[in-house]
Amino acid sequence: MLTELRQKYKELELRLHPDCKALLDTWQTTKEKYSGETFAFGVRDKTIQLPFTYKSLSGTSIRKVYLPKYHDWGDILQWQLQENVPGEFPYTAGVFPLKREGEDPTRMFAGEGGPERTNRRFHYVSLGQPAIRLSTAFDSVTLYGEDPAHRPDIYGKVGNSGVSIATVDDAKKLYSGFDLCDPKTSVSMTINGPAPMLLAFFMNAAIDQECEKYIKEKGLEKEVAKKLDDIFKATGRPAYNGALPEGNNGLGLSLLGVSGDQVLPADVYAQLKAKALAAVRGTVQADILKEDQAQNTCIFSTEFALKMMGDVQQYFIEQKVRNFYSVSISGYHIAEAGANPISQLAFTLSNGFTYVEYYLSRGMHIDDFAPNLSFFFSNGMDPEYSVIGRVARRIWAKAIKYKYKGNDRSQKLKYHIQTSGRSLHAQEIDFNDIRTTLQALYAIYDNCNSLHTNAYDEAITTPTEESVRRAMAIQLIINRELGTAKNENPNQGSFLIEELTDLVEEAVLNEFKRITDRGGVLGAMERMYQRNKIQEESMYYEHQKHTGEYPIVGVNTFLSKNGSPTIIPGEVIRSTTEEKEYQIESLAAFKERHKDTSVTALRRLQQVAMDNGNIFAELIETVKHASLGQITHALYEVGGQYRRSM
């Protein structure tokens, strides 16, 4: 009898898939690995060892990761295949084994007035923080690729609801005092249509910071000062407008008005450029598909915009830019336009797979570009938001592994969360902080990689220093004070979370089918499928809110004794006339300094575009001589301007 059972055991074991057998065989080792006081894991070529337990005030020891207490092989295997520990395929619980030590996922959004005002806000929100995580909002003039001007349709928008950036010098001032090549500095830029130009501004700012550090390190200040005096003999030298804020050491300002290659030997500059490109960390949004579907800041034809996105990624591969994301595939704006969480996730992931297919069609290898893709989601109050990261990671990992044969680094979907701006209301605005706190808790429990918490007064004005500080405190209190947040897989094991994950995954896959039936993402866009669906879902939400069927405290229920009226701000923060004029004057001075080189640089850029060369590689040079508006209009002539299909 025993022999027969052993024989049957062997027969059944042979029927197991080798991957499944390997998972079961290593289960005991996995349990032992997660039972110690410390935890070691590899990141690229380094081994990192971190504390694995937290002791509460009561003396209770809380582990960072808990494993299920299953004994049945079927249960264990099912959990490993669909959930698994953080950092292991299919990455449902997270893409890294543990979170970074000494770096909260906090990323704060700022942008107002000229580059100096926003630079001061950046230094205010990051003062004393162990890691610098900046997120940049640009004004609508910049978003549409134009230069600040006295033109009636431009002047009033300069520096409002975002920062005005028109030249590489503006970018240098914007990020001055932050070491852009420090591994603890990360910069995100919310820009889409003109993203390649703004990215070129940023990269040049980082390269010139490295040049500044080299000049100081080698004691070349006097030699370089003499060269600068010669360069600016006939023109005024640009400068930071006003006093430097606390924390700004002036890094990035020494080479205003020039590029490092004008004051250093070509071989030295090339080395410093390569060093900077390999070190910079951050993200540029550059998601043109969601612009057409939801946000509407398209400026170039879709085909030309996609070509430039591909050029950016190709440049990143060739220059070994590994720590900067070439695109932030964004669902946030889809949600803000009215989509429910399932549509947000389905449209965003389908856009992501469209970029994958396009980059592959250009001959890039999946493992060369997939790690440079990042995602950006909104977190609202609906239950589906509690699993948006889990579902996204699982779908992405399986598709990249099984369909595209990508390696484990390519399979890891990294994403930023911003709490819902749409859920902020102009009535009882103090309640908005409560909503933001709950949405932030969703994100942190779901192991997001980066998080921005909205300020409570954003429904009525640009956030004040006080409201931004409160918004940051929400994250810090959750991460540093909330006991359960010391654990890094709190959602695993919940019946509700597991069921929601399966339901949302199924709904997203069904939406993929509907998009495929319409010719894929681009085919569906031609039929305006995504826009129509977003509008229908927005209308449904507004109707439910208006009738009170969808309760919103302080808006349609639990009103105050005076009826919870809309709050009217005493003062709306706007850019000043002086700031507008200074930007226009700075731009005019920039154009005057480069009047002898800008025309040639722009013609060379156009020729590269017509020859189907790498536009971004040329933009890195063009932005040293031309402004944002000059470049945009030069590219319109060769790439076409956006026109919506009606």
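The criterion of being aliphatic (A, V, I, L, M) and under 19 Å from the mean Cα position of the chain (by Cα) does not hold for I478. Scanning the range 91-139 for residues that are of a type outside the set (S, T, N, Q), in a loop (DSSP other than H, G, I, E, B) and at pLDDT 90 or above returns Y91, A93, G94, V95, F96, P97, L98, K99, G111, E112, G114, D139.
Taken together, the residues in the range 186-234 that are open to solvent by 60 Å² or more (accessible area, probe 1.4 Å) and closer than 16 Å to R281 by Cβ amount to 0.
Assuming A426 fulfils every condition listed in (1) buried (at least 23 other Cβ atoms within 10 Å of the Cβ); (2) farther than 28 Å from E88 by Cβ apart from one, which condition is it? Failing condition for A426: (1). Considering the range 420-435, the residues that are outside any loop (DSSP other than H, G, I, E, B) and among the hydrophobic types (A, V, I, L, M, F, W, C) include one that is farthest from T461 (Cα to Cα), namely I434. Here P148 meets the list (1) crowded, with 24+ Cβ neighbours inside 10 Å; (2) assigned to a loop (DSSP other than H, G, I, E, B); (3) free of Cβ contacts under 8 Å to residues at least 60 places away in the same chain almost entirely, failing just condition (3).
Please specify each residue of the range 397-419 satisfying the condition of being in a helix (DSSP H, G or I) and touching a residue at least 60 places away in the same chain (Cβ under 8 Å). Scanning the range 397-419 gives A397, K398, K401, D408, Q411.
Where helices (runs of 4 or more DSSP H) sit wholly within the range 1-77, those with at least 3 residues that are of a type outside the set (G, A, S) and either modelled with pLDDT under 90 or under 33 Å from the mean Cα position of the chain (by Cα) (or both) occupy 2-15. Evaluate the range 402-411: report whether one residue or more is touching a Gly at 6+ places or on another chain (Cβ under 9 Å) and open to solvent by less than 40 Å² (accessible area, probe 1.4 Å). Scanning the range 402-411 turns up no residue that is touching a Gly at 6+ places or on another chain (Cβ under 9 Å) and open to solvent by less than 40 Å² (accessible area, probe 1.4 Å).
Might you check whether a residue that is more than 30 Å from L306 (Cβ to Cβ) and touching a His at 6+ places or on another chain (Cβ under 9 Å) occurs anywhere in the range 263-278? No; the residues of the range 263-278 include none that is more than 30 Å from L306 (Cβ to Cβ) and touching a His at 6+ places or on another chain (Cβ under 9 Å).
Of the numbered criteria (1) touching a helix residue (DSSP H, G or I) at 6+ places or on another chain (Cβ under 6 Å); (2) assigned to a loop (DSSP other than H, G, I, E, B), the one V85 fails is (1).
The helices (runs of 4 or more DSSP H) located wholly in the range 565-646 that include 3 or more residues which are more than 27 Å from the chain's Cα centre (by Cα) and not basic (K, R) occupy 577-593, 598-610, 628-639. Does the range 269-290 contain any residue that is within 25 Å of A626 (Cα to Cα), surrounded by fewer than 18 Cβ atoms within 10 Å (Cβ to Cβ), of a type outside the set (V, I, T) and over 33 Å from the mean Cα position of the chain (by Cα)? Checked against the condition, which is being within 25 Å of A626 (Cα to Cα), surrounded by fewer than 18 Cβ atoms within 10 Å (Cβ to Cβ), of a type outside the set (V, I, T) and over 33 Å from the mean Cα position of the chain (by Cα), the range 269-290 yields no hits at all.
When the range 319-359 is filtered for residues that are open to solvent by 10 Å² or more (accessible area, probe 1.4 Å) and of a type in the set (A, V, I, L, M, F, W, C), the ones remaining, listed by number, are A337, I342, F353.
Restricting the range 1-34 to residues that are open to solvent by 60 Å² or more (accessible area, probe 1.4 Å) and of a type in the set (S, T, Y), the residue that is nearest to P90 (Cα to Cα) is T26.
The values are calculated or read from the model by the stated rules, or taken from the named source; none is laboratory data. If you're wondering where the values come from, they're calculated on a predicted model, not measured in any experiment. For neighbour counting, all protein chains shown are included, and Cβ atoms are generated from backbone atoms with ideal geometry for every residue, glycine included. Note: areas computed on protein heavy atoms with side chains; ligands, DNA, RNA excluded. Shrake-Rupley method; radii C 1.70, N 1.55, O 1.52, S 1.80 Å.
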